[in-house]
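Participant: The following block contains the structure, expressed as structure tokens.
Since every read-out is calculated from the coordinates, none of them should be taken as a lab result. Treat the numbers as computed from the prediction; the structure is a model and nothing was measured. Note that each Cβ is placed from the backbone with ideal geometry, even for glycine, and that neighbours are counted across all protein chains shown.
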Amino acid sequence: MSAQDTMHPVVEATPIDKPYVPPLPKADSCLLVIFGASGDLTKRKLIPALYDLACAGCMHSKFQVLGVARTPMTSEQFRAAMRESAEKSHDAREFTNVCWESFSGNLHYLTGDINDHAFYPEIAKELEKMQANGASTNVLFYVSTQASLAPPIVEGLAKAGLNRNDKGWTRIVLEKPFGRDLKSAHDLNEIVAKAFDEPSVYRIDHYLGKETVQNILVFRFGNSMFEPVWNRNYISYVEITASESLGVESRAGFYEETGALRDMVANHLLQLVTLTAMEPPVAFDAESVREEKVQVLRAIRPMTVEEVAKRTVRGQYGPGTIDGADVHGYRQEPGVNPKSNTETFAAVEFYIDNWRWAGVPFFVRTGKRLPRQRTEVRVHFRRTPQALFSRTADEDVEPNVITLRIQPNEGISMRFGAKRPGPQMRTSSVKMDFDYSSAFGTDTPVAYETLLLDAMRGDATLFTRRDEVEAEWKIITPIEEAWAQIPPPAFPNYAAGSDGPDAANDLISGDHRHWHPFQSGR
Ligand code: BG6
């Protein structure tokens, strides 16, 4: 979705009779090559998103997919495996045989070792064959493998000349995590820069494709009433949560190498921090928006080892109960080292050293096997300067809170004080609520659909820039390094289904602060 498309439609935020169906832009013609095609992301996210786009009529007639991976499979077997997951996926909105049959004819598969440079000329031959049969000459490479395979893929492509294309455009999408620390991200950026021009590089962070994440910008910069109070003079602290009730599922190999800090904080949560904290961009285009986001990342105070010990918490889930069902602890999950010290929970207190945010803590937390899936930004305002109603027995006016609900129950709510009906001056906190589905009457598009379409159309606004990922790692790497020096807590330190380690409550507590409890509703 282009920046312009996102911003222009004017829709009333009150219940409407007809669902709002945004016009769907059309993708350029494109041959999509997915590295890591037998992996989890391709099944769970990419194919359902492509299927939906195809059903919605967004794909060009020359659109074709070549899946590449080491697992031996024929194209027929690849289609069957993808069908099974698209049918089950909640991301594919409506599965029909008719749509699948017309879409799946475009799926092809090539087995090979992506670490082996000799494999890349084979890929080139396969692409030529497909193009001779009518596939597009524009090529989009999608690197959906573990981070350590990205350098050999980019180098393999360059060596085989697949990075250049005189018959159309060539772009590359790189999945997160982009590297595993500042050095590897920088090295990968160097390798990528030798093979591709920066405008052809799309570093994906799927949170940026979420409608509600993009709406943070509209909420802040499309309204005049919030921006004047969006600063240290009025805001006491910001709380950002991205919790999941799911465990590590079938991704133990990836997760053991990654952990919650690299998997979620280094990208998705820092992106939420930047969008919440950035200055207004001069224009809504890729460069202006990314420029302001980078400024926030640069202003985040890097931590010393002592600060890491005080301002971060790591956790790992043990056995417990989720929605009434007993579940394993992390160390008992298939593929996980029974003595693993990989964290499945991370909480961090960040400070942004600039005029707008000096002294305002941004508390972020994320974890697997927490009681429920919930991603939200809660902006806590300061108390009123005078507690005018505090002498009344029932005083219950809490400071104002604006909650940006990213998922589920997408929407925004605002908490404020009100007088309770009756002859006495009794007060209470009440809530004003905007709910996406009742206001717009339609499902919001899935993030991967938005991002894949943008990459095929050449719009990089919702992708991270080279200096942006390095700025993210500059913040995260000192934490990883300090964690390597400080012995981890005795893992497991939270039961599956609990609210996370107790230390996370200690991190935020003080000055009437606490995490929004998982047990309460919105
Ligand atoms: C991915 C992480 O980037 O985001 C996963 O690798 C995590 O571990 C997922 O489950 C969460 O995404 P979402 O869109 O479900 O919040």
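Participant: For the chain, evaluate the Debye formula with one uniform point scatterer on each Cα (no solvent term) and list log10 I(q)/I(0) at q = 0.05, 0.08 Å⁻¹, rounded to two decimals.
Facilitator: For the requested q values the scattering log ratios are -0.21, -0.53.
Participant: The stretch 124-280: Rg/Rh from Cα coordinates, Kirkwood Rh?
Facilitator: Reported Rg/Rh, Kirkwood definition of Rh: 1.06.
Participant: Relative to the longest principal Cα axis of the chain, at what angle does helix 447-457 sit, 0 to 90 degrees, rounded to 10?
Facilitator: Helix 447-457 sits at roughly 50 degrees to that axis.
Participant: Please give the peptides 223-234, 470-481, 44-55 ranked by average Cβ packing (other Cβ atoms within 10 Å per residue), highest first, as a rough proxy for protection.
Facilitator: Result, highest mean Cβ count within 10 Å first: 44-55, 470-481, 223-234.
Participant: Also, quick follow-up: If r is the Cβ-Cβ distance from Ser288 to Gln332 and R0 is 56 Å, what FRET efficiency results, to the nearest 0.05?
Facilitator: Working: r = 48 Å, r/R0 = 0.86.
Step by step, r from the Cβ atoms, then E = 0.70.
Participant: Further question: With the dipole of the chain worked out from charges on the C-beta (+1 for Lys and Arg, -1 for Asp and Glu) around the Cα centre, which of Gln131, Gly367, Asn189 lies farthest toward the positive end?
Facilitator: In the chain, that residue is Gly367.
Participant: Go from 0 up to the bin containing the longest alpha carbon distance in the stretch 206-296, width 5 Å each, and give me the % of pairs per bin.
Facilitator: With a bin width of 5 Å, the distribution comes to 2, 11, 19, 23, 17, 11, 8, 6, 3, 0.
Participant: In Å³ and rounded to a whole number, note down the convex hull volume per residue for the Cα atoms of the stretch 19-147.
Facilitator: 116 Å³
Participant: In Å, the Kirkwood hydrodynamic radius of the stretch 370-522 over pairs of distinct alpha carbons?
Facilitator: 20.1 Å
Participant: Give the average over all directions of the projected area of the C-alpha convex hull of the stretch 443-522, one decimal, in nm².
Facilitator: For the stretch 443-522, the mean projected area of the Cα convex hull comes to 9.7 nm².
Participant: May I pose another question? Residues of the stretch 271-302 with backbone nitrogen within less than 13 Å of a virtual label 7 Å along the Cα-to-Cβ line of Asp353, please, listed as ranges.
Facilitator: The answer is 298-302, whose backbone nitrogens lie closer than 13 Å to the label point.
Participant: Order 398-405, 137-144, 267-274 from most to least packed using the mean count of other Cβ atoms within 10 Å. List each step's numbers first, then the result.
Facilitator: On the way: 398-405: 19.2, 137-144: 23.0, 267-274: 25.5.
Packing proxy ranking, top to bottom: 267-274, 137-144, 398-405.
Participant: Here is a further query. Lys and Arg at +1, Asp and Glu at -1: add these up for the other residues within a Cβ distance under 9 Å of Thr450 and post the number.
Facilitator: -2
Participant: Using 10 Å bins from zero, what percent of all Cα-Cα pairs in the stretch 48-91 falls into each bin?
Facilitator: 23, 49, 27, 1
Participant: For the chain, give the share of DSSP beta bridges that are antiparallel, in percent and rounded to the nearest 5; count only bridges with both residues there. Before the final figure, lay out each step's value.
Facilitator: Details: 46 of 77 bridges.
Antiparallel bridges: around 60 percent, rounded to the nearest 5.
Participant: For the charge dipole of the chain, defined by +1 on Lys and Arg C-beta atoms and -1 on Asp and Glu C-beta atoms about the Cα centroid, which residue among Leu261, Ile216, Ser102 has the Cα displaced farthest towards the positive pole?
Facilitator: Ile216
Participant: Separate question: Quick one: net charge around Arg79, please, counting Lys, Arg +1 and Asp, Glu -1 for every other residue with C-beta under 14 Å from its C-beta.
Facilitator: Working: positive: Lys43, Arg83; negative: Glu76, Glu84, Glu87, Glu101.
Once all neighbours under 14 Å are counted, the net charge is -2.
Participant: Excluding same-chain residues fewer than 8 positions from Lys310, which aspartates and glutamates have a Cα within less than 13 Å of its Cα?
Facilitator: Glu349, Asp506
Participant: Order these peptides, 337-343, 444-450, by their mean beta-carbon neighbour count within 10 angstrom, highest first.
Facilitator: 444-450, 337-343
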